[in-house]
Each structure stands twice: as C-alpha cells, then as structure tokens.
Amino acid sequence: MNDSSRETVSSRGLVGIFDSGYGGLTVMKEIAALMPHYDYVYLGDNARTPYGTRSFETVYEYALEAVKWLFSHGCELIVLACNTASAKALRSIQQKDLPLLHPRRRVLGVIRPVTERAGTFTRTGSIGLFGTTGTVRSRSYELEISKFFPHVKLAQQACPMWVPLIENNEYENDGASYFIGKYVEMLMRKDPSIDAIILGCTHYALIAEQIARFVPEHVRLISQGGIVAESLADYFHRHPEIEERLTKRGSRVFFTTDSPRDFDALAEVFYGKPVRSSRVDVSSAR
Ligand code: DGL
C-alpha cells in the first residue's frame, strides 16, 4: 500500500491521526517521516470544521465520534492532532470513555509534548501562544506549562480568522496578511519580552513563513509536528506493550467526512505528498 491508496482498513494495530480538517496532516507528515514503518490512518472531520469556535460539549461529542470510528477501523493508538480537541475532549476521553471502550488502547494529544519542553524555548521566560478561541479559552497550555515550568509566563492570542483562511486556501493573499499581522501585533503588545511563540494549532504550521514576516527577528516560532513525532517515538520506547501491538507495513490511508475531491486537492499542501482519500460517516461508529 502507498500514500495514495484507497484501500479500506480491516486489520488491527494501526495508528490513527485525527484533526477537525487538514491541520493534523502537518503532524502526520512528521510522525510518518520519523517512523515510516507503522500503518497510519488519517481522519479529517472536514464536514464539521472548524472546531475552534465550538463549545466544549460539541468538540467532545465530535472528537469522541471520531475516536470511536478510528477504533472500529483498527486503530490501536490515536493521536488527536488537533489542539482544540486535545484541550477540550482528550481528558474526558482518556478518563471516562477509554476505560469502557478499549482499556488496552490509547488516545494521546498534542499539547503535552509541547508544554513539557516549553521552558527550553525561551531565555526571557516569556512565551506567546497562537491558538483557536477554544484552545485559548480552555487555558490548557497555561495550566500545563505552569506544572512543568512555574516561572515561565504565557501570553495567549486567539486567531479565529486563521483556520478559515487556511481551510479555504486563502492564506497567501493580502486579506490573510492583514489578519496575520493583526494577531501578531496583538500578542506582542500583551508581552513585548516574548522570545518564543508556540503555534498552538496544527493548521498554523502552514502559515509559519507568513507569521515570521511579522514577528520580531529574535522571536522563535515553535511548530508542533516535529515535537509531537519525537514525543510519540519516546512513548513507544517507554511502552513496548503498546508498540508491539502495532502493525508495520508502512501503509497510509486517508479519510474525510466531506468531499474526497476537495480534501485531496488541498491535503497535499499540508502533507507534502499527493493524497487520495475516501469519504466516511463517523456518526455511526459505536
Ligand atoms: N487544527 C486544529 C487545532 O489544532 C483546529 C482547527 C479548528 O478546527 O478550528 O486546534
């Protein structure tokens, strides 16, 4: 099987990667590059994107449906490659649902791997965060960073316009530049001593270059993909009982809840390779 396969998934032992849309592909790209031998299934809930402006209950309900669907299609371990879902749904899924659904399988998020290292990003002790409204309001980054690095200060900026611009392939025009510049300025005004900014939404990796044009030169932008991939590799080392249940045929399969034609047209920009997806209805998964 290869990256453009339309094969259906019937076996067990797969690694599932989930996002509200395309953003998780930037994470999958790094994970699959670091650990190419595993079998990956990507699910983008494009029909219901964006999640960033939705309520806690809605994001939890959508993410749980996706997790159930990925489990029913053979995933042994799922990465919620979506900060909004990691912030609003991960804990409930891990603590409430997983023990009842599949106690031996795992669901991981993307916030912890980044916050565990946050102190190493900064010299001034001031970090910035760009995220969706949901991620910012959840205060997940703030709470996690304060556990690992109590002296690090975090200033947050919600960027509700960025995901729609990216999902609609409008991120390279003047309108996008306006909103990128605007949110950068708003964040830097909150704390001018920021010397590192976390791109706390998996979509934002795609506009890292545009963001960099507006941030002061000494400020480092931190994308999540590579960090999440390294953290997952480390997780597998520490949990051989899970790693040994994963199949190793090097396959990649892509699913979307909306039009596969639209998905395939834009997915390549995020994933870096052509993608051929199939459409699924996740609401029927048990
Ligand atoms: N890519 C997602 C994240 O990391 C969410 C984008 C959205 O659906 O608003 O937060």
Please indicate, with yes or no, whether at least one residue in region 244-254 is surrounded by 15 or more Cβ atoms within 10 Å (Cβ to Cβ) and either at positive phi or of a type in the set (Asp, Glu) (or both).
-> yes
Might you let me know whether region 228-239 holds any residue that is in contact (Cβ under 8 Å) with a residue 24 or more places away in the chain, under 23 Å from residue 139 (Cα atoms) and of a type outside the set (S, T, N, Q)?
-> yes
Residues satisfying the stated conditions in region 197-215, i.e. in a helix (DSSP H, G or I) and within 16 Å of the ligand (Cβ to nearest atom) = 204, 205, 206, 207, 208, 211
Of all residues making up region 170-196, the number that are within 15 Å of the ligand (Cβ to nearest atom) and either within 18 Å of the chain's Cα centre (by Cα) or assigned to a helix (DSSP H, G or I) (or both) | 2
Could you check residue 30 against (1) open to solvent by 10 Å² or more (accessible area, probe 1.4 Å); (2) more than 17 Å from residue 224 (Cβ to Cβ); (3) not small (Gly, Ala, Ser) and say which number it fails?
-> (2)
Could you tell me whether any residue of region 65-75 is touching a Lys or Arg at 6+ places or on another chain (Cβ under 6 Å), more than 16 Å from the ligand (Cβ to nearest atom) and modelled with pLDDT of 95 or more?
-> yes
Output the number of residues of region 255-286 satisfying the condition of being touching a Pro at 6+ places or on another chain (Cβ under 7 Å) and open to solvent by 60 Å² or more (accessible area, probe 1.4 Å).
-> 2
Going by the structure shown, is residue 53 under 17 Å from residue 283 (Cα atoms) and within 13 Å of the ligand (Cβ to nearest atom)?
-> no
Scanning region 11-31 for residues that are among the β-branched types (Val, Ile, Thr) and assigned to a helix (DSSP H, G or I), which turns out farthest from residue 169 (Cα to Cα)?
-> 31
Subset of region 33-47, residues open to solvent by 50 Å² or more (accessible area, probe 1.4 Å) and within 12 Å of the ligand (Cβ to nearest atom), comes to 47
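From the list 112, 54, 91, pick out the single residue that is without any contact (Cβ under 8 Å) to a residue 12 or more places away in the chain and either within 18 Å of residue 226 (Cβ to Cβ) or not aliphatic (A, V, I, L, M) (or both).
Step by step, each of 112, 54, 91 is checked, and only 91 is without any contact (Cβ under 8 Å) to a residue 12 or more places away in the chain and either within 18 Å of residue 226 (Cβ to Cβ) or not aliphatic (A, V, I, L, M) (or both).
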Condition broken by residue 166, with the remaining ones in (1) open to solvent by less than 10 Å² (accessible area, probe 1.4 Å); (2) part of a helix (DSSP H, G or I); (3) at pLDDT 95 or above satisfied = (3)
Within region 1-20, residues within 20 Å of residue 265 (Cβ to Cβ) and modelled with pLDDT under 95 come out as 2, 3, 4, 5, 6
State which residue pairs qualify: first residue open to solvent by less than 40 Å² (accessible area, probe 1.4 Å) and inside region 171-182, second residue charged (D, E, K, R) in any location, beta carbons under 7 Å apart, and separation of 6 or more residues or different chains.
-> 176/170
Residues located in region 81-104, provided they are away from the ligand (no atom under 16 Å from the Cβ) and either farther than 19 Å from residue 27 by Cβ or open to solvent by less than 10 Å² (accessible area, probe 1.4 Å) (or both) | 92, 95, 96, 97, 98, 99, 100, 101, 102, 103, 104
Tally of residues being β-branched (Val, Ile, Thr) and open to solvent by less than 10 Å² (accessible area, probe 1.4 Å) across region 7-27 = 3
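The values are calculated or read from the model by the stated rules, or taken from the named source; none is laboratory data. Keep in mind that what you see is a predicted model, and the values were worked out from it rather than measured. Note: ideal-geometry Cβ built from the backbone for every residue, glycine included; neighbour counts use all protein chains shown. These accessible areas exclude ligands, DNA and RNA; they are computed on the full protein's heavy atoms, side chains included. Shrake-Rupley method; radii C 1.70, N 1.55, O 1.52, S 1.80 Å.
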